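A short reminder: the numbers here are calculations on the coordinates, not readings from a lab. Quick caveat, the model's predicted, so the values are computed rather than measured. Virtual Cβ from ideal backbone geometry, glycine too; neighbours counted across all protein chains shown.
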């Protein structure tokens, strides 16, 4: 089952004094690219978070965010009362002002406020880790749903190419006969004597060089293998990309050998379907 690289996951954790919202967004990328945003208190856990994301999400441009909303009367900043009182006593000696005005000035001076550095305890981290896993699970489900849509489109495109290939196979005898007739007519118009046996040998050699039997068989095999990989347990966008390149190689060879306008029109249609497959493959995990 294929997975898209596009997805979104979210989890909300309510703690006694704050609410944490964990968000994950994923877009397509050739490799794993993680961008994280979180309050400084959780920075010590960033490497662990990145490792967890890398092990589970594998590939894509990942935006990871932790948003904190304080929900209780709790603050890490406290007034340094002795220092503020000292400032106010000194200000009284140089400024004739009310206590309120002196206080406003005093709290602006250095060390008037103490910021206590918060520490993340093990129990809180365990809860956060659980919620990160929930957000990852939600994003993975989203990726799977998007992958189902992509798989449906891929199967439709492959079926279209198979239909066009069958038309090419049906048309091939007419193409070969047309080549033969043009060559015979061209030689006859020269009004020169020629060895019919030698001419027939050269004609067979020329037609064999334009033969597309091998390309038709290989393209059919590539289409079957592509569908087989779509139905496999693991999602492997790179492998599907390699197969699509091989499909394109055979289609291009058929087009270059065809030398027959109706067949070349079918080849153009096959190329169009394959390009749509390649565009969508950029988003497959």
Legend entry - More than 32 angstrom apart: percent of Cα pairs within the chain: 57
Inset, instruction - Once you've got the GNM for the chain with C-alpha springs shorter than 10 Å, pick whichever of 237, 147, 178 has the biggest mean-square fluctuation. - result: 178
Legend entry - Long-range Cα-Cα pairs in region 1-47 (distance over 15 Å), rounded percent: 61
Legend entry - Globularity ratio of region 1-137, using Cα Rg and 2.2 N^0.38 Å: 1.57
Legend entry - Footprinting exposure proxy for 87, 225 (fewest neighbouring C-beta atoms within 10 Å first): 225, 87
Legend entry - Along principal axes, Cα extents of region 219-285, largest first, whole Å: 41, 21, 14
Inset, instruction - Arrange 63, 121 by Cβ neighbour counts within 10 Å, fewest through most, would you? - result: 121, 63
Inset, instruction - Quick one: order 107, 284 by neighbouring beta-carbon count within 10 Å, fewest to most. - result: 107, 284
